[in-house]
Amino acid sequence: MGSKKNGTIKWINAYWKMIRSHLKSPKEIEFNDRTIFSLTSDFHCGHADCDEPLIQKYFMDAINYGVRTHFIVGDVVESAYNLKLPKDIGEKIVYEQIEGLKKSLPEVENNKYYVVLGNHDIHAASFLIDRDDGKISYKGAAEIFRELLDDRTDIEVMGAGFVRVKLNNRYTLDLIHPKGNNGECITKYADHYISKAVKKGFDPPNLVDFGHYHTKKLLQGNYSRVMQNGSALKRNNGNGNGFGWVVEFGRGINGKDTMLIHEYL
């Protein structure tokens, strides 16, 4: 556990500059009525085991429940990891995977998808740049995905790796897609970055959601609830009770803030 914790801290420290910028200028979203949204990630569209009907069903179930705001926390496409492909073939694969993603996200009136890019998405974007080393910044990857998705006004790319969202100016949601494999230590990861943020004067979030690990978890950290999403891959946790969550923030009869977290519907 100690080595995994150290790996987590090393990752968060390396990306602290990016995280701090999102803490200073979070994405703000206003809700008309109930503060209700869905959380999911790791579709890996283009992977042989991607269950696109499951993705469609997940969103239609959430939409039928009344959800119109969806946060997707990374790895929306598979890219071509570990394959040394010519640029033109890699580019073709990425375009096809993006089209698969679009088909998986139902178009419904007043419905919005907010995307945070993960490591596979950043890798995919690298096929579409004119650089010999194929390396791309998180900001550059987000710009490329915005261009690829510009025909779908219901899909918004918020950034890559880490995004802070303020909901109705009352609730704060942190969305994280790390690069490391410290899945057993997500609460340590969240507690470490939050404690660092608090020391620098930032408020802790009400909820932290992780992509990347493909295993559903809901835990209590020192500062907030911490969750992981499953995956839409058939050989992982996508099948069964689903791979995402529906969350409702509100105010109870005693005037205190409440948070309800639902399993996949």
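Can you pull out every residue in region 222-233 that is part of a loop (DSSP other than H, G, I, E, B) and within 19 Å of the chain's Cα centre (by Cα)?
The answer is SER224, ASN229, GLY230, SER231, ALA232.
Restricting attention to region 107-130, does a residue exist that is among the basic types (Lys, Arg) and exposed (fewer than 14 other Cβ atoms within 10 Å of the Cβ)?
So far as region 107-130 goes, no, none of its residues is among the basic types (Lys, Arg) and exposed (fewer than 14 other Cβ atoms within 10 Å of the Cβ).
Kindly indicate which of GLY140, GLY74 is buried (at least 21 other Cβ atoms within 10 Å of the Cβ) and modelled with pLDDT under 95.
GLY74
Which of the residues that make up region 201-216 are assigned to a loop (DSSP other than H, G, I, E, B) and charged (D, E, K, R)?
Selection gives ASP203, LYS216.
Just to be sure I understand, how many residues within region 86-104 are in contact (Cβ under 8 Å) with a residue 40 or more places away in the chain and either closer than 19 Å to PHE162 by Cβ or surrounded by fewer than 22 Cβ atoms within 10 Å (Cβ to Cβ) (or both)?
Qualifying residue count, region 86-104: 9.
The values are calculated or read from the model by the stated rules, or taken from the named source; none is laboratory data. Keep in mind that what you see is a predicted model, and the values were worked out from it rather than measured. Positions of Cβ are generated from backbone atoms using ideal geometry, with glycine treated the same way; all protein chains shown enter the neighbour counts.
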